[in-house]
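The structure appears below as structure tokens.
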Amino acid sequence: MRPEKANIVSDLSEKLSRSPFLLVTDYQRMKVDQFGELRNRLFPLGAEVRVVKNSFLRRAMIESGLPDLSDQLIGQTAVVTGKKDVAPVAKVLKNFAAEFKIATLKIGVVDRSVLSTAEVEALAELPSREVLLSQLLGLLMLPATMLVRVLNEPASAFARLLKAKADQNGGSEAAAPTEAASPAGKLAAASSSATADTPDGNSAP
């Protein structure tokens, strides 16, 4: 391979190694201004698109340790790589293809796993990584928030909580000690104890 071609492959291989994803699209029938529009939409997401020869892409993927997609690399190809989350990038590509009827997704590689066109489009429907993390944090914080709310209730609310707990345990259990503590209860208990102390059950003289 000539030095200039080897440099192209080396540069592409380096980009693939740094990117957490690779999205392969069909470049056929895309005009210069449309390509520029796609590039402008991807730029804020930290992603870029470039046209590559399939033979160069095959070599670069081998050098970067990505799966072999030789059977999928046909026709005119453009690749999208980036440094951040793949979901918003996939959404841009999906919307762009629907709007201009070009740049159809061929296949994708995310974290070195091959994804079909349908799977890449499914990624486009997911919230961004930041939104997902925010939602997860909200779920994790929910029990703590409820606990703080209970602890911040006034003392009267806490007293009501204790009373409700006592009522739940049953009033009968609380009534028995009360009866035993009354004068009549003490007298009955003493009489029963004295009777039980004699062999024949009669009262002691």
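Just so it is clear, none of the values below were taken in a lab; they were calculated from the coordinates. Being a predicted model, the structure only gives us computed values, none of them experimental. Note: ideal-geometry Cβ built from the backbone for every residue, glycine included; neighbour counts use all protein chains shown.
Observations
- A simple rule links phi to the HN-Hα coupling: the Karplus curve 6.51 cos²θ - 1.76 cosθ + 1.60 with θ = phi - 60°, which for region 43-55 gives 4, x, 8, x, 10, 9, 10, 8, 8, 9, 6, 4, 5 Hz, with x for Gly and Pro.
- Taking region 1-116 as the region of interest, the number of lysine pairs whose Cα atoms are within less than 14 Å, with members eight or more places apart or on different chains, is 5.
- Relative to the compact-globule estimate of 2.2 N^0.38 Å, the Cα radius of gyration of region 67-108 comes out at 1.25.
- Per-residue HN-Hα couplings for region 107-122 [Karplus 6.51, -1.76, 1.60; θ = phi - 60°; Hz; x = Gly/Pro]: 6, x, 10, 10, 6, 6, 10, 7, 10, 6, 4, 4, 5, 5, 5, 5
- Tail beyond 22 Å, pair distance distribution of region 3-128 (Cα, percent): 28 percent
- If only the Cβ of Lys and Arg carry +1 and only the Cβ of Asp and Glu carry -1, the dipole of region 1-103 around its Cα centre is close to 140 debye.
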